[in-house]
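Asker: Below: one structure in structure tokens.
The values are calculated or read from the model by the stated rules, or taken from the named source; none is laboratory data. Bear in mind that the values here come from a model prediction, so they are computed numbers and not experimental data. No Cβ is skipped: glycine too gets one built from the backbone with ideal geometry, and neighbour counts run over all protein chains shown. Side chains included, ligands, DNA and RNA excluded: accessible areas come from the protein's heavy atoms. Shrake-Rupley method; radii C 1.70, N 1.55, O 1.52, S 1.80 Å.
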Amino acid sequence: MRRVLVVDDEENIRLVLKTLLKRHGYEVETADGGESALALVDSFGPDVILTDVRMPKISGLDLLATLKAKQNTATVIVMSAYGSIDLAIEAMKAGAYDYVGKPFKPDEIVLALRKAEERETLRRENKVLKEQIQKENQFESILAKSASMTLIFRTITKIADYKTTVLVQGESGVGKELVARALHARSTRKDQAFVTVNCGAIPENLLESELFGHKKGAFTDANADRRGLFEEADRGTLFLDEIGELPLSLQVKILRALQEETIRKLGDSKDIKIDVRIITATHRDLAAEVKAGRFREDLFYRINVLPIVIPPLRARKEDVNLLVDHFLVRNNARLGMQRNAITPEARKLLLEYAWPGNVRELENTIERAMVLCESDTIGVVDLPDRLREALDPIHAQLASGEMSIKKTSAAIEEILIRRALVKTRGNRTRAAELLEISHRALLYKIKDYRITSLS
Ligand SMILES: Nc1ncnc2c1ncn2[C@@H]1O[C@H](COP(=O)(O)OP(=O)(O)OP(=O)(O)O)[C@@H](O)[C@H]1O
Ligand SMILES: [Mg+2]
């Protein structure tokens, strides 16, 4: 950080600063106003811009705004004469790094520059570190550092190249599709098509022709020959998402395609050879579906050769903070925002919540919080009520579906007593006061509910 641009309309100040800074080893250029400063910013490329706030025509504030609009990253330090301190504060709010009062002692200027330099070094180191951590915990676009996910990354690497069918299982939103895409991207088929079909989203009568294609005239609306998704995916990968939703009639046909590696278009009399790697996914317990008679056993064994089970997010809490930071950075860039921090309380809530909708729910929650947030720091108020409610035992009790007044009041009474004891650090007299019951009644209830510790 050696290049400093001094901007001031007073020639005397420019001269003094130029001499001073040169003596301290800086490369210095000077400008007599905002206009000439902007011209120099491009040609000189200063690391620091030291500018007066109050100048005719373009003020220091205008200069700052223009630099920001041009996404210039130079550190700006403003100088303000006695009486224009509020301008300096405004400049700091607009993104200036520091300000120096006029008249200044030479040391003050040099010190401000040193501080800016230190901050810049830290910022750069921080950025490098962040990128490094990101890289270490990133597999394609899947972010995770938990042991269970690291194991999955290793499995993906190991099996990517084989044509063997993979079954990806996991709750909704855990990243099944990401894993399927990573398998394709790491395979020798990566330059061929990756075709996905959601077996649950297409009506049964359309799904067959969607998958296998049809000949002209195969059915009323078949005005021309049509290629199916198996053919589209030839030499590439076909991702059969939500395979658990596949109707039994089509399960047979998929099984045949897998076994024979051929398909037959609707209304056609001959088979077509296909070379497709099949990846399937489901949020259902397919073994249980087999038991219930909703999924063919033979197809289950055919697709379940290499199972990958992605654990729910609540079973790999180490990944939560990583994902939160990732979504913050990504949305800041995507939505043009500057939400850079989260209060410790909000982080705690994000960490403790059970995330039934897994990473997708987390992703949506962060985006919503960033939009609602009115400062640069996300707090508990910006998070949806359901997060707080889910962690409140009284709410959980009420949400449990229990209808008995007796059982419900007893459960809530116990929660309140425990709460009062924690709050008073075990002082039963004060706890009884908070609960508005007699000391004797409290002792009786403590015994009744077998409360022994303070948690
Ligand atoms: N480990 C992860 N790192 C980054 N993003 C993730 C991760 N896991 C999931 N996501 C994101 O969460 C969302 C849901 O992921 P994906 O669609 O792969 O889940 P899924 O298991 O297929 O869900 P569903 O069962 O609802 O189809 C996507 O936006 C995805 O980018
Ligand atoms: Mg999916």
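Asker: How high is the relative contact order of the chain, given as a whole-number percent (alpha carbon pairs under 8 Å, six or more residues apart)? Could you put the intermediate results ahead of the total?
Answerer: On the way: 662 pairs, mean separation 46.7, N = 455.
Across the chain, relative contact order equals 10 percent.
Asker: A further question follows. Only four residue types carry charge here, +1 at the Cβ of Lys and Arg and -1 at the Cβ of Asp and Glu. Report the dipole size of the stretch 297-425 about the Cα centre in Debye, rounded to the nearest 20.
Answerer: Around 340 debye, computed over the stretch 297-425.
Asker: While we're looking at this one, here's another question. What FRET efficiency do you get for K70 and L306 if R0 is 45 Å and r is their Cβ-Cβ distance, rounded to the nearest 0.05?
Answerer: Computed FRET efficiency for K70 and L306 comes out at 0.30.
Asker: Additional query: Between F104 and K423, how high is the FRET efficiency from 1/(1 + (r/R0)^6) when r is the Cβ-Cβ distance and R₀ = 56 Å? Nearest 0.05.
Answerer: Rounded to the nearest 0.05, the efficiency is 0.55.
Asker: Based on the Cβ-Cβ distance of T164 and R368, what FRET efficiency does E = 1/(1 + (r/R0)^6) give at R0 = 30 Å, to the nearest 0.05? Don't jump to the answer; show the numbers that get you there.
Answerer: Working: r = 40 Å, r/R0 = 1.34.
Computed FRET efficiency for T164 and R368: 0.15.
Asker: Among the listed pairs K176/K348; K70/K115; K145/K317; K158/K190, give every one whose C-alpha distance is greater than 21 Å.
Answerer: K176/K348; K70/K115
Asker: Just read off the accessible area of H283 with the full protein assembly in place, 1.4 Å probe, to the nearest 10 Å².
Answerer: Its heavy atoms expose roughly 90 Å² to the probe.
Asker: Tell me the relative contact order for the stretch 248-358 as a rounded percent, counting alpha carbon contacts under 8 Å between residues six or more apart. Write down the numbers at each step before the final one.
Answerer: Details: 59 pairs, mean separation 22.5, N = 111.
It rounds to 20 percent for the stretch 248-358.
Asker: Express as a percent, rounded to the nearest 5, the fraction of DSSP beta bridges in the stretch 142-311 (both residues included) that run antiparallel.
Answerer: 20
Asker: Picking from I451, L211, Y99, whose Cα lies most toward the positive end of the charge dipole for the chain (charges on Cβ: Lys, Arg +1; Asp, Glu -1)?
Answerer: Checking the options against the dipole of the chain, the answer is I451.
Asker: Share of Cα-Cα pairs in the stretch 374-455 beyond 17 Å, in percent?
Answerer: I get 56 percent for the Cα pairs in the stretch 374-455 exceeding 17 Å.
Asker: Quick check: from the Cα gyration tensor, does the chain come out rounded (a/c under 1.5), prolate or oblate?
Answerer: Here the chain falls in the oblate category.
Asker: Between E389 and E232, how many nm apart are label points set 7 Å from Cα along the C-beta direction?
Answerer: 4.0
Asker: Further question on the same structure: In whole angstrom, how far apart do the alpha carbon centroids of the stretch 373-414 and the stretch 50-71 sit?
Answerer: For the stretch 373-414 versus the stretch 50-71, the Cα centre distance is 50 Å.
Asker: With just the Cα atoms defining each centre, how far is the stretch 194-252 from the stretch 261-322? Give it in Å.
Answerer: The stretch 194-252 and the stretch 261-322 have Cα centres separated by 15 Å.
Asker: Contour minus end-to-end for T262 and A315, with contour as 0.36 nm per residue of separation and end-to-end as the Cα-Cα distance?
Answerer: 15.0 nm
Asker: Mind checking which of T157, S80, V41 is farthest towards the positive end of the chain's charge dipole, using Cβ charges of +1 (Lys, Arg) and -1 (Asp, Glu) about the Cα centre?
Answerer: T157
Asker: Just to make sure I understand: if all protein chains stay in place, what is the order of M337, M403, M149 by accessible area at 1.4 Å, largest first?
Answerer: My answer, sorted largest first, is M403, M337, M149.
Asker: Under 14 Å from a point 7 Å along the Cα-to-Cβ line of F219: which residues of the stretch 241-273 have their amide N that close?
Answerer: Flagged as within label range: 247, 249-250, 265-268.
Asker: Continuing with the same structure: Taking only DSSP H segments of four or more residues, each worth -39500 (n - 2.57), what value at 222 nm results for the chain once the sum is divided by all its residues, to the nearest 500 deg cm²/dmol?
Answerer: So the calculated ellipticity at 222 nm is -15500 deg cm²/dmol.
Asker: Same structure again: Just the number, please: percent antiparallel of the DSSP beta bridges in the chain, rounded to the nearest 5.
Answerer: 15
Asker: To the nearest 10 square angstrom, how much accessible area does E402 have with a 1.4 angstrom probe?
Answerer: Accessible area of E402: about 70 Å².
Asker: Treat each spin label as a single point 7 Å out from the Cα along the C-beta direction, and report the A185 to L443 distance in nm.
Answerer: Using points 7 Å along Cα→Cβ, the separation is 6.7 nm.
Asker: Under a point-charge model restricted to the Cβ atoms of Lys and Arg (+1) and Asp and Glu (-1), what is the dipole moment magnitude of the chain relative to its Cα centre, in debye to the nearest 20?
Answerer: 1580
Asker: Skipping prolines and chain starts, which residues have an amide H placed within reach, meaning under 5 Å, of the one on F194, given they are 5 or more residues away or on another chain?
Answerer: Distant-sequence amide H within range of F194: T237.
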